[in-house]
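Remarks on the structure that follows.
The values are calculated or read from the model by the stated rules, or taken from the named source; none is laboratory data. Remember, it's a predicted structure, so these values are computed and weren't measured experimentally. A quick note on method: Cβ atoms are made from the backbone with ideal geometry, for glycine too, and the neighbour counts reach across all protein chains shown.
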Amino acid sequence: MLLHDWRRFGGGFRYALIAAFVGLLTLGTSDYAPAAYGADTDRPSLSDEYAKRRRLYEAISLRSGLEWPYIAAIDQYERTISQAHPKTRPLRQGAVAGVYVPEERWSGDLNPTKEDTNPASIRFFRGIGQDGSGDKIADRGKDEDLLYSVAVQALQYGSAEDDFSIGLWEYYHNTRAVQRIMQFAKLYRHFNRLDLSGHTFPLPLKSTYSYRSTWGNKRGWGGRRIHEGTDIFAGHGVPVRSTCYGIIEIKGWNAYGGWRIGIRDLNNLYHYYAHLSGFDKNIQTGDIVSPGQVVGWVGSSGYGRPGTQGKFPPHLHYGIYRDRGLVEWAFDPYPLLHRWEREEYKMLKGKR
Ligand SMILES: [Zn+2]
């Protein structure tokens, strides 16, 4: 488990060309590991899916007054939480929206009609359910009604960024949820599109490196820990690149990881890069990054006070943690690394 603090978001974006390049080439690849989300393969086409979502967000934006990147961010955040909790947050058949509202929250705790769809009686019992489609029915099974109702809750304190984040906190009572939604909104606004699923391998493919699956190996330093990640061995100074579209969530020293950087992506995954020799000086916490963008260099920092290095051979420690709402859990990044490496080789070949 990894806990980290919330830093403010700053501005700044570079490498738009690399981003566009990588984005184009990886369009249509699935966001998720097939083992975890087998349902993805049933989708007709991801780009159709994104187009449908975008139309829905824009319609709800018109109706609610909340800008579409915020609506998209709420929806995507909720989708990632449902994917982490499929039993308690079941997917709706044919759903476009990812938001999930429990029955009592929709109709109101004391409402005797649990499946109430009448906006007036729902309001009377202080449920959040509203009609977002214009048919005078507050239907918890309908994309428009669900998204609109949650948007209205988030807008309770106003639409300015600070007011909106207070509205989100009032709705979720979870600081992490607020942080995620603000991060996601920033990404959607910046790129002005929903499909930000492209990935790259963390090191340039032309560099010399080696890695194998080391998940769960015992660690010598810092007590009893298991190895939560994959070690990619490479020479000192080999560039380390973001594997995804995301936001720099953490940057700095950590006793285990040395100089390390953490990037949050739109699947609510935290990508952790450790033992760096240093960071790209332009990269700040809160910055937006794209797949392939250099964020630092391979080193051997860590296992001691700030600046400690050379206690082990230089390598990149790469870990991925999934935010499950209240806690984060690591999963083995090896299969994803292997897949991104293969896909990048394939598209580089195709370009020649
Ligand atoms: Zn490692």
If the requirement is being over 13 Å from P202 (Cα atoms) and in contact with a Lys or Arg (Cβ under 7 Å, 6 or more places away or on another chain), which of these qualifies: Y321, Y303? Y303
Considering (1) within 16 Å of the ligand (Cβ to nearest atom); (2) at pLDDT 90 or above, say which one F201 fails and leave the rest. (1)
Flag for R260 being in a strand (DSSP E or B), of a type in the set (D, E, K, R) and in contact with a helix residue (DSSP H, G or I) (Cβ under 7 Å, 6 or more places away or on another chain): no
Kindly list, by first and then second residue, each pair from a residue in the range 269-282 that is farther than 15 Å from E249 by Cα to a residue that is within 14 Å of the ligand (Cβ to nearest atom) and acidic (D, E), limited to pairs with Cβ atoms under 9 Å and residues at least 6 apart or on different chains. H275/D231
When the residues of the range 240-298 are filtered to those that are over 22 Å from R342 (Cα atoms) and of a type in the set (D, E), which remaining residue is surrounded by the fewest Cβ atoms within 10 Å (Cβ to Cβ)? D280
Filtered residues of the range 292-320 (kept if among the hydroxyl-bearing types (S, T, Y) and away from the ligand (no atom under 12 Å from the Cβ)): S301, T308
Name the one entry in D332, D323 that is within 15 Å of the ligand (Cβ to nearest atom) and out of contact with any strand residue (DSSP E or B) (no Cβ under 6 Å at 6 or more places or on another chain). D332
Regarding H199, is this residue surrounded by 16 or more Cβ atoms within 10 Å (Cβ to Cβ) and not in a loop (DSSP other than H, G, I, E, B)? no
Taking A255 as the residue in question, decide whether it is within 15 Å of the ligand (Cβ to nearest atom), closer than 19 Å to A330 by Cα and at pLDDT below 95. yes
